[in-house]
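Below is one structure, written out as structure tokens; the observations come after it.
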Amino acid sequence: MKFLAVSDHVVERLYSLAADQYFADVDLIFGCGDLPYEYLEYFVTVANKPLFYVPGNHDPVYNLENKRAYAEGAENIDGKVIEFRGLLIAGVGGSIRYGPDGVYQNTQREMYWRIFRLIPRLLWNQIRYGRMLDVLITHSPPYGIHDDNTSAHDGLRALNWLLDLAKPRYLFHGHTHFYRQNLEANITKSGATTIMNIYPYKVVEYDHEV
Ligand SMILES: [Zn+2]
């Protein structure tokens, strides 16, 4: 399987790459948040691949005034565990709370409660598939990995806890922007999991039979 993951920043060049069928061999697209929904919709339409995403802390919330706060044709998997062609995927959107009115922002404690709700489905995966999770997509990084000590970019401790429990092969996240594309700073192995900062995009090969 091959993934395209996008996050945080619109890369103009990807429009033409997608139009030129550069991503024809990609099976699945992930959005890790803080992107215009039109950008995600472009990939769904032009690359014509399934797209799963989580919202970032800058994304608009769906309500009666703003009914257009989602990406048409894509699936928001925030707070969900799903199975796609045998691949076990979970999504956790948002970031640490740093402002009083933030939409997709949670305290460390709130984020634990959001993640505890994934446990029944993860246990079910363990029974059914012999493993809990393959790919975790989040907006924020875990605590101490690819985060920094500014209040808005503190990593989420609950994600470290989830990695210990579910041992996914990959965690794809965004939110923290490394302007120098230093591969070592963007990819970190922790236990069973390879943690990748997707900002602004990455193509990942995954050796999974489909
Ligand atoms: Zn963010």
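Number of residues in the stretch 1-20 that are aromatic (Phe, Trp, Tyr) and open to solvent by 20 Å² or more (accessible area, probe 1.4 Å) equals 1.
Scanning the stretch 150-165 for residues that are within 16 Å of Trp113 (Cα to Cα) and hydrophobic (A, V, I, L, M, F, W, C) returns Leu156, Ala158, Leu159, Trp161, Leu162, Leu163, Leu165. Quick one: is Gly73 at pLDDT 95 or above, away from the ligand (no atom under 16 Å from the Cβ) and not charged (D, E, K, R)? The answer is no for Gly73. Is one or more of the residues making up the stretch 25-36 more than 22 Å from Ser140 (Cα to Cα), surrounded by fewer than 15 Cβ atoms within 10 Å (Cβ to Cβ) and over 12 Å from the mean Cα position of the chain (by Cα)? Yes - at least one qualifying residue is present in the stretch 25-36.
Lys167 meets all of the listed conditions (1) within 16 Å of the ligand (Cβ to nearest atom); (2) open to solvent by 80 Å² or more (accessible area, probe 1.4 Å); (3) in contact (Cβ under 8 Å) with a residue 12 or more places away in the chain but one, namely (1).
Of the residues making up the stretch 108-157, those that are within 16 Å of the ligand (Cβ to nearest atom) and of a type in the set (Gly, Ala, Ser) number 4. Within the stretch 112-146, the set of residues being closer than 16 Å to Tyr199 by Cα, surrounded by 22 or more Cβ atoms within 10 Å (Cβ to Cβ) and of a type outside the set (Ser, Thr, Tyr) comprises Leu136, Ile137, His139, Pro141, Pro142, His146.
The values are calculated or read from the model by the stated rules, or taken from the named source; none is laboratory data. Note that this is a predicted model, so its numbers are computed, not measured. In this analysis, Cβ positions are derived from the backbone assuming ideal geometry, glycine residues included, and neighbour counts consider all displayed protein chains. Surface accessibility is based on the protein's heavy atoms, side chains included, excluding ligands, DNA and RNA. Shrake-Rupley method; radii C 1.70, N 1.55, O 1.52, S 1.80 Å.
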